[in-house]
Amino acid sequence: MFIKANLYLCMTNSALFFTILLAAIFMVTGALFISCALSPKSTNSLKGEPYECGIPTRGASWGQFKVGYYLFAILYMVFDIETVLLFPLAGIIKDLGKDSLYYIMFFFVVLIFGLIYAWGKGVLQWE
């Protein structure tokens, strides 16, 4: 125990960093090599197909989606992140003081203006 602790104290920060980096690289490459060596190999012709569901594809596999789906997804992510940020703040709002309440209210105002802007642009309407 004393030798390990003494060895740790003798290493500089850069030597410790490179030791951990080399150990991480060795473990990752070792895990990849072992998984490639032990995994079963399949030479089935259907492995090259885009979907392995058994139904052959007809036509091109590439299709375009409406932009409305992406805009709706972005809006969902914005308001989902808002919820994730505000739940912890709701639990400790008394401890933070009045200034933090003003910051949270400003955050809400910016999000409400963003929602009004998106609504005005017609992002939330399905056509």
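Every number in this text was worked out from the coordinates using simple rules, so none of it is lab data. Just so you know, these numbers come straight off a predicted model, no measurement behind them.
Quick look at the values:
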{"item": "Extension reserve of the Phe87-Ala118 stretch, reckoned as 0.36 nm per residue once the Cα distance is removed", "result": "8.8 nm"}
{"item": "Cα gyration tensor shape for the range 67-121, rounded if a/c is under 1.5, else prolate or oblate", "result": "oblate"}
